[in-house]
Amino acid sequence: VSNHRICAAIYDRATARSESAGLAAKRQELLAPLRGNVIEIGAGTGTNLEQYRELDSLLLIEPDIAMRKRLERRIAAVNPAFEVKVVGTTLGDELTTLSNGSADSVVSTLVLCSVRRIVPALDEIRRILRDGGPFVVIEHVRAKGPARFLQTGLTPVQRAIAGGCHLNRDTRAALANAGFDVSDVEDWSLPGSLPLVRSAIVGHAR
Ligand SMILES: C[S@@+](CC[C@H](N)C(=O)[O-])C[C@H]1O[C@@H](n2cnc3c(N)ncnc32)[C@H](O)[C@@H]1O
């Protein structure tokens, strides 16, 4: 069971610059149009909560105890008009109790870099997503240029200090290998961020 107290405590401040430089706007663009029953994985401190509009329900998956405490507080403060539940499942290590196709959309923002076992995690996401439903992603990924060598060299350090985050993950390839159609997933540059986490992908995997 993870309990990254320091990561959780500094997370919102550490990402503030990127949020105001365009990350928050990108979250809104992708999340405000969602409807129905949404499942968000790795919800962290609840940064996406205020971006959802007219959902029927929202299920937030967050295994880290320290993150979950902050998440519960944010839910109470935002008090959304739809039902919100939180579960502590570690995707990839544990199966959820969710039934096949129970999500109209699944959301992952800056999470797939940290999931320890990405192959079973993506299989589980495919299982719970309804046929054709979007898996909405904003993820930082392995750089295409020489920065990827630095990313690979520094990933052991980053994993130790940043809650298991891999700097060099080819998440687009992982999605494609898991059977997702990635034609609606674009390359992006994470605004206001350090070069090591700047290469990103955004969009809808189906
Ligand atoms: C960098 S934070 C991102 C938080 C938030 N989604 C955001 O956009 O700011 C990554 C989160 O993913 C969670 N996480 C890591 N591995 C996970 C897994 N296997 N299943 C679900 N969540 C996971 C971590 O606990 C952490 O809260």
Inset, instruction - Quick one: in the stretch 155-168, of everything that is surrounded by 14 or more Cβ atoms within 10 Å (Cβ to Cβ) and over 14 Å from the mean Cα position of the chain (by Cα), which residue is nearest to the ligand (Cβ to nearest atom)? - result: A162
Inset, instruction - Return a yes/no flag: does the stretch 34-44 have any residue that is near the ligand (Cβ under 10 Å from one of its atoms), more than 25 Å from D131 (Cα to Cα) and surrounded by fewer than 19 Cβ atoms within 10 Å (Cβ to Cβ). - result: no
Legend entry - Residues of the stretch 1-27 satisfying the condition of being in contact with a helix residue (DSSP H, G or I) (Cβ under 6 Å, 6 or more places away or on another chain) and more than 10 Å from the ligand (Cβ to nearest atom): R5
Inset, instruction - Would you please name the residue that is nearest to the ligand (Cβ to nearest atom), looking only at residues in the stretch 75-104 that are surrounded by fewer than 18 Cβ atoms within 10 Å (Cβ to Cβ) and part of a helix (DSSP H, G or I)? - result: V78
Inset, instruction - Tell me, yes or no, whether the stretch 49-58 has at least one residue that is crowded, with 21+ Cβ neighbours inside 10 Å, without any contact (Cβ under 8 Å) to a residue 40 or more places away in the chain, in a loop (DSSP other than H, G, I, E, B) and within 14 Å of the ligand (Cβ to nearest atom). - result: yes
Inset, instruction - Could you please tell me which pairs satisfy a Cβ distance under 6 Å, a separation of 6+ or placement on different chains, a first residue in the stretch 64-77 that is farther than 17 Å from V1 by Cα, and a second residue that is more than 9 Å from the ligand (Cβ to nearest atom)? - result: R74/L49; I75/V84
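Every read-out reported here was derived from the displayed coordinates using simple, explicitly stated rules and does not represent laboratory data. Only a predicted model underlies this, so the values are computations on that prediction, with no experimental measurement involved. Glycine gets a Cβ as well: all are built from the backbone with ideal geometry, and neighbour counts include every protein chain shown.
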